[in-house]
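One structure below.
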Amino acid sequence: RSLLVLNGPNLNLLGTRRPETYGRDTLADVEARVRDAAAARGLDVAFVQSNHEGALVDAIHAARGVRSGIIINPGAYGHTSIALHDALEAVQPLPVVEVHISNVHRREPFRQHSYVSPQADAVIVGAGVHGYTLAVDHLAELLTGN
Ligand code: DQA
C-alpha cells in the first residue's frame, strides 16, 4: 500500500523560507523522514510538490484507486481553494490528513480558515515538520484492519 504526500505552493522553499516559522529542514529532509516512517509501517510513499493549483488537483485525482491515503499540506491554497476541497471530496473515501507545519491559529486571521479541513479525517497544525510523520502514523492506524 502507498500514501500520497502532497505539498502545495512555496513548500519547495522549506528550510530557507521563514525558518523561524517553518524550521530548517528542507523538503528533501521531510521526504526522507516520511519515507522512513512509512517504511516502518510497511507503506510506500509518492511525494509530490507543486506551486500550481491545477497540478495539485490532478495529483489528487490520480490517487484514486492507486493510493491508500493522502497527506496534504496545501500551503496557502488551503485558505483559498474550493478546487482542492472538491478534488478531495471526489476521491472519497480515501483517508486524508491535512498538515500545516506552523500553528496557523496563532498567525494572521487569513490563515485560520481552511477549505481542506472539511474533507480531512484529521488535521495536524503547529507540530513542525514532525506533523508529516504523525500523519503517516495516523493513516497507518486507520488502514490497519482495512
Ligand atoms: C502552511 C501555512 C500556510 O498558511 C502557508 O501559506 C504555508 C505553509 C504551513 O505548513 O504552516 O505555505 O501551510
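Taking the criterion of being of a type in the set (A, V, I, L, M), within 17 Å of Pro93 (Cβ to Cβ) and in contact with a Leu (Cβ under 7 Å, 6 or more places away or on another chain), the residues of the range 112-139 that qualify are Val116, Leu139. The residues in the range 106-141 that are near the ligand (Cβ under 10 Å from one of its atoms), outside any helix (DSSP H, G or I) and charged (D, E, K, R) can be counted, and the count is 2.
Run down Ala39, Ala62 and say which single residue is more than 16 Å from the chain's Cα centre (by Cα), more than 16 Å from the ligand (Cβ to nearest atom) and surrounded by fewer than 16 Cβ atoms within 10 Å (Cβ to Cβ). Residue meeting the stated conditions: Ala39. Among what's in the range 71-82 and is crowded, with 18+ Cβ neighbours inside 10 Å, of a type outside the set (Phe, Trp, Tyr) and part of a helix (DSSP H, G or I), pick the residue that is nearest to the chain's Cα centre (by Cα). Applying the filter and picking the extreme gives Gly75.
Restricting His100, His85 to residues that are more than 14 Å from the ligand (Cβ to nearest atom), more than 17 Å from Leu3 (Cα to Cα) and crowded, with 17+ Cβ neighbours inside 10 Å narrows the list to His85. Could you tell me whether His79 is in contact with a strand residue (DSSP E or B) (Cβ under 9 Å, 6 or more places away or on another chain), of a type outside the set (Val, Ile, Thr) and within 8 Å of the ligand (Cβ to nearest atom)? Judged against the criteria, His79 is not a match.
Residue selection: Leu143 satisfies the criterion of being more than 17 Å from Leu6 (Cα to Cα), surrounded by 13 or more Cβ atoms within 10 Å (Cβ to Cβ) and either touching a His at 6+ places or on another chain (Cβ under 9 Å) or not acidic (Asp, Glu) (or both).
No lab work stands behind these numbers, since they all come straight from the coordinates. Note that this is a predicted model, so its numbers are computed, not measured. Don't worry about glycine lacking a Cβ; one is built from the backbone with ideal geometry, like all the others, and counts go over all protein chains shown.
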